[in-house]
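Notes for the one structure printed next.
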Amino acid sequence: MKRIILFFLVLFGLTAVQAQVVVDLKKGGPTVKSKTLKDYDHQGRDERALREDSVQYVDCLRRAFNALATDSLPQAEALFKEALHLRPDAKGNYVVWRNLGLISLARVEMRQAIERFTKALLAQPGDQESRYNRAKAYFLLNNFSETIADCDIFLKQDATNLLADSVHLLRAAAKVELRQYAAARAELTDLLTRKPNKSEAHLLLLCILQAEGRLQEMRAETIKFCKNCPNNKQDLVMFLDGAKQTGNIEEAKIIYDALLEDAPDNGLYRIERAKILLALGQKQAAREDLKIARRSGIPSAAWKELEQKLK
């Protein structure tokens, strides 16, 4: 379903990778922390050669993360690869593979992203960020079963992770693509019970109701959206634009009905609904909306063309 793919791309956007963490390989195991790199495991290597490689490795990583901070992805990628060449056995290399995966994701190179996140997960199966991002890449390759599998593992490992809500949304979107509408609705309903102001969940639920043709429930869900997410109405307008572009004007009208129930004096909403009413052949109702819109004081440029069509 193209609408779900579009929804996903907008809400989970493929943004540039940013430098947020670096690798700290202290003796006894790797950790991830902010902006410092210190000790390295010297087992099985000549101490002097290892020291030289380690110094270069640290320098590569520092420069790589600095390059990420300035969105210099080619430079960052080259430096991460050089670091892996210098220390292929470093215990914290899963973080390097994760960042290489994020670079691929930012470039919309999904197969390469999956390969890199997989290497991170082979090195560290509990790397939840790599698991989530691999699930995203699978989704964008239309591999929805693998998306769900990664989401299942993620939530089984740590359902309280900060990314858990996004994982629930992603899993629900994948279920919609597989037409598992009831399961997707149940997941979103549970999420909204805990987080009623989660605008993305409301929007995805609207996508499901639209796919099922449950128009009156779309109206009720839109009212809930307006009540719980008053500062996110622009997201709903984005959804409406998609409905209008795909010719689903009945659905668009239902949502504008709900929006106007929440904000009856909004002139722009009145104008948009009037256009829909005109398309549906309901000229008198369209004229009423236009009259109210003009009283609201919106600029004449917003309604002049519509007025001509209604004469």
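No value in this document is a laboratory result; all are computed from the given coordinates. Since this is a predicted model, take the numbers as computed values, not measurements. In this analysis, Cβ positions are derived from the backbone assuming ideal geometry, glycine residues included, and neighbour counts consider all displayed protein chains.
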If each K or R counts +1 and each D or E counts -1, the residues other than Tyr94 whose Cβ falls under 9 Å of its Cβ total +2
Kirkwood Rh (inverse of mean 1/r, distinct Cα pairs), region 113-184, angstrom: 12.0
Calculate the radius of gyration of the Cα atoms of region 140-252 to one decimal place, then report Dmax, the largest Cα-Cα distance, as a whole number, both in Å. 14.2, 43
Rg/Rh (Cα only; Kirkwood hydrodynamic radius) as it applies to region 239-311: 0.94
About its Cα centre, how strong a charge dipole does region 177-311 have in debye, to the nearest 20, once Lys and Arg get +1 and Asp and Glu get -1 at the Cβ? 500
Please report the spacing between the Cα centers of region 156-204 and region 55-85 in Å, no decimals. 35
Taking a ≥ b ≥ c as the square roots of the eigenvalues of the Cα gyration tensor of region 81-135, is the shape rounded (a/c under 1.5), prolate (a/b larger than b/c) or oblate? oblate
Please label the shape of region 189-311 as rounded, prolate or oblate, based on the square roots a ≥ b ≥ c of the eigenvalues of the alpha-carbon gyration tensor (a/c under 1.5 means rounded; beyond that, a/b larger than b/c means prolate, else oblate). prolate
Take the Cβ-Cβ distance between Ala301 and Ala78 as r, set R0 to 51 Å, and report the resulting FRET efficiency rounded to the nearest 0.05. 0.50
For region 125-249, the charge dipole (Cβ of Lys, Arg +1; Cβ of Asp, Glu -1; about the Cα centre) points to a positive end, and the Cα of Leu169, Ile249, Leu204 closest to that extreme belongs to Ile249
Given all pairs of distinct Cα atoms, region 48-108 yields a Kirkwood Rh in Å of 11.6
Cut-off 12 Å between beta-carbons: net charge of the residues surrounding Phe154, Lys and Arg +1, Asp and Glu -1: -1
Note down the nm distance, to one decimal, between modelled labels 7 Å out along Cα→Cβ at Glu212 and at Glu250. 1.7
